[in-house]
1. I'd like the distance between the alpha-carbon centres of the stretch B:25-63 and the stretch A:302-341, rounded to an integer number of Å.
2. Using the Cα centre as the reference, give the magnitude of the dipole from point charges on the C-beta atoms of the stretch B:90-329 (Lys, Arg: +1; Asp, Glu: -1; all else neutral), rounded to the nearest 20 debye.
3. Roughly how many Å is it from the Cα centre of the stretch C:20-57 to that of the stretch A:166-220, as a whole number?
4. Among B:VAL140, A:TYR334, C:ALA85, which residue has its Cα positioned farthest towards the positive end of the charge dipole of the protein assembly as shown, with +1 placed on the Cβ of Lys and Arg, -1 on the Cβ of Asp and Glu, and the dipole taken about the Cα centre?
5. Summing both sides, how much accessible area is buried between B and A? Use a 1.4 Å probe and give Å² to the nearest 100.
6. Using 20 Å bins from zero, what percent of all Cα-Cα pairs in chain B falls into each bin?
7. Would you list which lysines come within 22 Å of A:LYS395, measuring only between C-alpha atoms, while excluding same-chain residues fewer than 8 positions from it?
8. Under 26 Å Cα to Cα from A:LYS225, which lysines show up? Leave out anything in the same chain fewer than 8 places away.
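The values are calculated or read from the model by the stated rules, or taken from the named source; none is laboratory data. Keep in mind the model is a prediction, meaning the values are calculated, not measured. Cβ placement follows ideal geometry from the backbone for every residue including glycine, while neighbour counts extend to all protein chains displayed. Ligands, DNA and RNA are stripped out before the accessible areas are found, and what is left, the full protein with its side chains, is counted by its heavy atoms. Shrake-Rupley method; radii C 1.70, N 1.55, O 1.52, S 1.80 Å.
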Amino acid sequence: MRHAAVAVSTALTLLLAGAASAAELRVGYSSDITTLDPANHRSRVTEGVIHNMYDAVVTRTDDMKVVPEIAESFKQIDATTYEAKIRKGIKFHDGSALTAEDVKFTFDRLTKENAMGGKTSPRKSLVGPVADTIVVDPLTVRFKLGNPWPIFPAYLPFNQVVSKAHVEKVGTDGMATKAMGSGPFKLVEWRRGDSVILERFADYYGGAADIPPAGPARVDRLIFKVIPEPASRVAALMAGEVDLIDELPHHAIKQIEGNPKTRVLKTNGTRSFFIDLNNRKPPFNDARVRQAANHAVNRQLIIDRILNGLAVPLATLISPDSYGYNAALKPYAYDPARAKALLAEAGHPNGLEVTIDVDNAFKDQAEAVAASMSQAGFKASVRLWERTALTDLWKDPEKHDRQMQFRSWGDGALDPVGIFVPVLKSRDRGNFSGYSNAEVDKLLTAADTETDVAKRSKMYQDAQAIIHKETPLIYLWLPQDVYGASKRLKSWQPSPRGIIKLHRAQVEG
Amino acid sequence: MTPVALVERLLQLVPVLLGIAAVVFFMMALTPGDPVELMLGDALATPEQKESLRRDMGLDRPAPERFALFLKNAATGEFGMSFHHRRPVGQVILERVPATVELTLASMLIALVLGIGLGVLAAVKRDSWIDRVATVTSLVGVSMPGFWFGILLILLFAVALGVLPVSGRIGYAGEVPFVTRFLLVDTLIAGRVDSFLDALRHLLLPAVTLGLAMAAFLMRVTRASMLEALAQDYVTFAEAKGISRARVLFRHALKNALIPTVTVAAIETGTLLGGNMIVETVFGWPGLGRLVVEGIFTRNYPLVQACVLLYAVTYVLLNFCADLLYAALNPRVRL
Amino acid sequence: MTAGAVETPRPDAAPEAARARAQSILAANLRDFLANRLAVGSAAVVLLFAAMAVFAPLIAPHDPYASDLFRRLQPPGWMEGGEWAYPLGCDALGRDILSRAIYGARVSMTIGVAVMLVAAVVGMLAGLAAGYRRGMTDVVIARVVDVLLGFPYLILAIGLMAVMGPGLGNIVLALAIKEWVLPCRVVRAETLAAREMDYVEAARALGASQRHIMLREILPNVLSPLVVVSTFRMATIIIMEASLSFLGLGVQPPVPSWGSMVADGRQFLIGAWWVSTFPGVMILLLVLAINLASQGLRDAFDPRLRR
C-alpha cells in the first residue's frame, strides 16, 4: 500500500517535472544504428555511437590530427610496417586487461576472409592491404602491409578494438547486440529503433593522452535517442527532452540561437557538394560549356541565403582542411556575361536547356542552382529522383543521357584517396561524370603508394590543377556540420569527423 | 464454422500469400539501385569487398533462383539476413512488432471511443446541428496529412505547453526491463505506476494522430447502423411499451448497432497496422512501419519481403477474426 | 436495391423500365441530397476549389515558379517584414505561397480525380465481370483483389514509386494499382444482386448479349453506389499524395502540389509557420468538403438510411 503511494507521488512529480536527472546526457540522433559490432557495418551513424563504447588504436583530435588512443605510441617502422605500443592497464568493461592479443584478434577479424561467423567483414577495405598483425610482446603489436599504403594511419581511427575473449564467448551473432569495449561508456541496453542507453565506465583509462582532459566520462548516463524527423528533433531540443541534436536544419538556426536555453554548435564538415556533368555526351563534352556552367552558379548567394552562410565555396573537390589541398586554386567566379560568351562560343548563342537530377533532400539547393544558371545563359530545370535510383541511373556515363547530377561525397579521413580517386579516376566507383584523363590517373595511381608525404601531396595538387582547368564537375560548396545543443551541455565541441564522442562532455543543472 | 469450412478457408490463403510474395519480391527486384553500393557508401571499397558482400547477401545468384529460395525458406519461417543489420530478418522484425501493435491498439481504442460516441450521438440527434457538428468533428483527423497534424500536436503540447513528450515510448527515468516488450504491460509487471503513466503520456500524441484519422470511418458506420437499428420494429415497440428512451437506446439499439462497427474495427486494425510508418517517423516510435520504409529506401530486400508477408498474414487473420466476431455477436448469422 | 419495388415488366419493355426506374430513384436521391445543407455547402466548396484549379493562371498574382532568394521565408503581408504583394508570404526559395497554393489546387485535384476515375472505371469493369459472369472470372478477380488488399496500401505505393521514381503520372499509377479494388468490390456485390432481378432475367430471355446486359441493364443500377464510394476515396487519395511527398516521392519540382508544399514546409513550422500552414489548411478544407459532400451523397443514395 505504502509502496503504491510512493509510486503515485513519484508519478505525479514526474508528470509535473519531466524526467531530468542531473548527470544524464541525451542525444537526439537522426538515424537508427544497425548493430553494436564495430566490425560488422558500413554506417557512419552506427560508428558514432560505437565510438563511445569502443576505443581504437589511434584517434583524431578536433583539428583532425591522428594521435594514439589506446596506444602509447604509434609509429611507422618501414614502408609496409607500423608498430603500436599499447598503454598499460587498459581495462575492458568486464575488468579484463586489453593486450596486444586483442588488437591482433580485432584486425584478423577485420581482414581475414570469412572470419566473422563464415562471413567477411564489410569494413575490410577500410583497413587496406594489412597482410598480418603480429604480437611482438603482450603490449606491442605490428601491422604488416602487403604493399605500401601511406594512408594506413588516416584510416586506423575507423576501426575499434574488441575483446578476444568476449567475441569468442558471444560469437559474431552476439556481438551485434552485446557491446563490451574499453571505451568511456558501457552498454546498459540497446532498445532497437528507439535508443541506446549507456552508463559511465568508472575504470576507464582516460582516453587519448593528447586530448586533454583525460579521465573517465563526466556524465553518469549517455543516451542516444533516435528521432528521424528533423522537425521533431528540433522540437525535442526546444522542449528540453534532449541536450544535443545532430543535423540541425539550417533554417532552424535562428530559432535555436534565439531560445534562451539552446545554442548552435558548428564545425567544418568533410562532405563536398558538386554537380556531375556528363563529360561523355553533348553538351558537356565541350570544356567551354562546362566552364560556362561553373561561371553560371552564384555560389555565394546560395550559401548566404539557403545555407545561412555556413559553407565555403569550393575550387576543387576536396576540403580546404584536407591533406593535399591545392590552395592556389580559386573558385570559378560568378560571371553571367562570361558564361553566356562561353556558351555562344560553344555554339549555343540562344541558351542551352539542361536538367539537374537530384534527390529530395537537396531539392532546394538544386532548384536554387537551376535558378542561378537560368540567369546566365542556361535554361535549367530540376528533376527529382530517389537517391538510390539516381546512383544506379548514373553509374555508367556511357550508357545514359542524363546531363547533370547534384550530389555529394563524404571523406571522413580528409585524405584525397577517399574522395578524389573514386570520383575522378577513370572508371572508378564514384566517377559518374565519365571524366578520364591519363595524366590524372597516373598521378593518382602513383600517389596511392607514394610514402613521401610532401611528394604525395604535390601529386594531388598537380592533379587538382589539371582538373580545375578541365572542370569535369561544377564544384559547389563544403557545408559546416551544424548541431543544436542545450546550454546545460558543457565542454563539448563537435568534431569534423562527424562522430559524437561524449566522454569529455558535462551537463549542468 | 465447421472444421471443413475452416480448412477450406485456410487453403484459400495459400494462393493469396503466394501472390503477395511474388508481388513484393519482383517489386523489390525491379527497384533500381544496388544494395551493395548503397551499403558501402562513400568510404573506401575494393572490388573484392563488393564481391564478398554480394555473396553474403546472396545477390550473386539470378533473381528467379533467389525467388525460389525465398519461397522455400519462407515456408519454414526463415527469411534470410537483413542486409544492413547483418542479423536474421525474423529477429530484427520481431523486436519492432510490439511497439507497432501497442500503438495500433491504442489508436484503435481512441478511434472506437470517438467513433462510437459521435456516431451514436449523431444518429440519435439525426439531422440536428449536433449531428452536423459530430460529423465534422469526426472528419478533422482524416482530412489532414498525418505528418503535419502530428508535428502540430508536438509543437502545441510538447514545445509550447510542455505537458507531453515529443518522441519515444518512455522517459529514461522510468525504464523497466522488457518482458513482453509491450511497455504498458511491462511497467505494470515491474510494479511501476510512474513508468506506466509515463508510457501512457508518450503513447498519447501518436495514438491520437492515428486514432483521429480512423475515427471518421467508425463514426460513419456506427451512425448508419444505429439509424437502421432505431428504425427497427422492436425499438418502436419498446418505446411504445413505455421503456425509457435511454434504456431503449443502450440496451437494445446500441447492442445491435455495434455489431458492424466492431467487425469493421477488427478489419481496419490491419489497415492501421500497415499504415503507421509516417506517424512512427514523426514521433520517433520504434515500430515496424519505419523499419519497412527504411528497408525499401535502403533496398533491404529480405527485410521488406518478410515484413510485407507478415502484414498480409495479419490482415488475413484479422479478417477471419472479424467474420468469427460477426457471427458471435449476431445470433442470426451462422457461418 | 430492394427488389419488391419493381413491377414485373413486359419482356420487350425491360430496358426502358430499368432505365426509368434508375432515373426516378436518382431524382429522389438528388432531392434528398439537395435538402442536406451541409453537404450542398461542402459540394460548393469543392466546386470553388475546382474553379480555382481551372482558372489558376487568371487568379494567381505571381508566377508560382519565380524564385527570388532575397524573399526567402518572407512572412505574410500582415506580419512584420511582410508585404501585401505577397499576402501569404514566400517559401524557402522566395516564391509566392498564395500563387503556389492556387496552382497547387490543380495538381492535388488532378491526382485525386485521375486516380479516382481510373479506379472507378477499372473497378467497375472488373466488378461487373466478376459479379455477372461468376465462375473462373470471379475467382481470378477475387484472388487479385485479395492479394492487393493484403498488401498495405502505403507500402505498395512507396515500393511502386521507388520502382518508377517521383512524378505526377507515377503517383497516379502507384495509387490506382490498388485503388480500383474498392469500387470493384462494391460493384461486384451490387451486380450479384442485380443479376437475379426480373429485368435482367427478361433481357437474358430476349437473347440480349452479355455485354449489353452488363453495360445497359446492370450498370445504371450500380452507378450510384459507385459514385458514393469513389468520391469518398478521392479524399483519401489527396492525403496519400501528401504522405508520398513527405517520403520524398512526390511530384516533380518546381510544380507545386499541396502535399509537397506541406511536406517541404514542415521543417519551417517553428519560425516560418506560414510555409506549410496555408497549403495544409487548403488540404484540410478540400478534403473535409469532399468527405462531407460524399457523406451527403451516401445518406441520400443509401436506401437503408431513407426516411
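1. The distance from the Cα centre of the stretch B:25-63 to that of the stretch A:302-341 comes to 34 Å.
2. 480
3. So the separation of the two Cα centres works out to 65 Å.
4. Going by the Cα projections, it comes out as B:VAL140.
5. On the way: alone 17860 and 21650 Å², together 34670 Å².
Using a 1.4 Å probe on protein heavy atoms, the buried area is about 4800 Å².
6. For chain B, the pair-distance distribution reads 25, 50, 23, 3, 0.
7. Qualifying lysines at Cα under 22 Å: A:LYS281, A:LYS363, A:LYS425, B:LYS50.
8. Partners found: A:LYS178, A:LYS186, A:LYS254, A:LYS261, A:LYS266, A:LYS487, A:LYS490, A:LYS501.
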